[in-house]
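Okay, structure first, notes after.
The values are calculated or read from the model by the stated rules, or taken from the named source; none is laboratory data. All values reported here derive from a predicted model rather than from experimental measurement. Backbone-built Cβ (ideal geometry, glycine too); neighbour counts: all protein chains shown. Please note that ligands, DNA and RNA were not included when accessible areas were found on the heavy atoms of the full protein model with its side chains. Shrake-Rupley method; radii C 1.70, N 1.55, O 1.52, S 1.80 Å.
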Amino acid sequence: MEIKHAEFISSHDKVEKAPQPDKPEFAFIGRSNVGKSSLINMLTGRKNLAKTSGTPGKTQTINHFLINQTWYLVDLPGYGYAKISRDKREGFGKMIEQYILKRENLYCLFILLDMRLEPQKIDLEFIQWCGSKEIPLCLAFTKADKLTRNQLNKNIAVYQSTLKQTWSELPAMIITSATEKTGRDEVLLFIENALADAT
Ligand code: GTP
Ligand code: MG
């Protein structure tokens with residue numbers, strides 16, 4: 001699929017204020033600094049569509065981007081960032097939870113995982129929670145450019161064996177790099193198929 005048009009629509013701190021749920025949407029979640037906003041920019045081919053930063057905690061709201069006038073990409077705040085106040089962190093947690101549970105037009109939630117790290121407790125718990133709520137998932141590994149092919153394969157294998165302990169059928173997994181545009185076609189094909197399946 002080609003992205004011909006990408007437009008920032010809105011930024012809100014509550015799911016209730018988000019645009020009417022009248023179009024399919026695909027959202028990006030994961031720990032702060034994992035590369036959610038960068039992946040959205042890479043997919044759309046627009047350097048600064050979503051705001052990125054080397055400092056964790058950049059995205060603090062629910063951001064909607066309208067793609068090809070027909071579906072949304074959604075950039076969410078990260079979870080698990082320790083250096084913000086507890087109140088704020090709990091607020092983000094609530095916002096994300098409400099978004100995931102209430103957004104009826106959410107076709108798929110991409111959970112982003114930093115490829116360089118072994119499976120982190122907070123990510124595994126989050127994946128598990130989404131599974132228990134039957135949220136359609138795709139796991140997107142980020143920052144693949146930082147690893148050799150051998151390391152990539154090794155780290156993916158560890159993830160697969162860890163998830164197999166609790167999942168009978170593993171969610172789709174896509175390796176990405178925002179800097180090298182790795183995985184762009186795979187993510188867009190995944191979205192294209194999800195859109196086609198629903199019609
Ligand atoms: P929050 O909004 O704070 O939750 O972070 P985020 O998940 O949106 O991360 P963001 O896209 O802002 O990227 C965080 C940092 O990681 C930035 O310095 C990016 O340049 C860097 N980064 C993101 N993706 C990649 C990647 O694929 N490869 C490399 N090398 N760096 C990346
Ligand atoms: Mg961000």
Inset, instruction - Select from the stretch 100-122 the residues that are in contact with an Asp or Glu (Cβ under 7 Å, 6 or more places away or on another chain) and open to solvent by 30 Å² or more (accessible area, probe 1.4 Å) and list them in ascending order. - result: Tyr107
Legend entry - Candidates Cys108, Cys138 - the one that is under 18 Å from His64 (Cβ atoms), touching a residue at least 24 places away in the same chain (Cβ under 8 Å), in contact with a Phe, Trp or Tyr (Cβ under 6 Å, 6 or more places away or on another chain) and not aromatic (Phe, Trp, Tyr): Cys108
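Let's see how each residue does on (1) surrounded by 12 or more Cβ atoms within 10 Å (Cβ to Cβ); (2) in contact with a helix residue (DSSP H, G or I) (Cβ under 8 Å, 6 or more places away or on another chain):
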site: Leu124; (1), (2): yes, yes
site: Gln128; (1), (2): yes, no
site: Gly131; (1), (2): yes, no
site: Lys154; (1), (2): yes, no
site: Gln165; (1), (2): no, no
site: Ile174; (1), (2): yes, yes
site: Ala178; (1), (2): yes, yes
site: Glu186; (1), (2): yes, no
site: Leu189; (1), (2): yes, no
Legend entry - Top-ranked residue of the stretch 8-50 - restricted to ones that are loosely packed, with under 14 Cβ neighbours inside 10 Å, basic (Lys, Arg) and assigned to a loop (DSSP other than H, G, I, E, B), ranked as nearest to ligand 1 (Cβ to nearest atom): Lys47
Inset, instruction - State yes or no: is Ile3 in contact with a strand residue (DSSP E or B) (Cβ under 8 Å, 6 or more places away or on another chain), more than 13 Å from ligand 1 (Cβ to nearest atom) and part of a loop (DSSP other than H, G, I, E, B)? - result: yes
Inset, instruction - Of the conditions (1) in a strand (DSSP E or B); (2) open to solvent by less than 30 Å² (accessible area, probe 1.4 Å); (3) away from ligand 1 (no atom under 16 Å from the Cβ), Val74 clears all except one; give me its number. - result: (3)
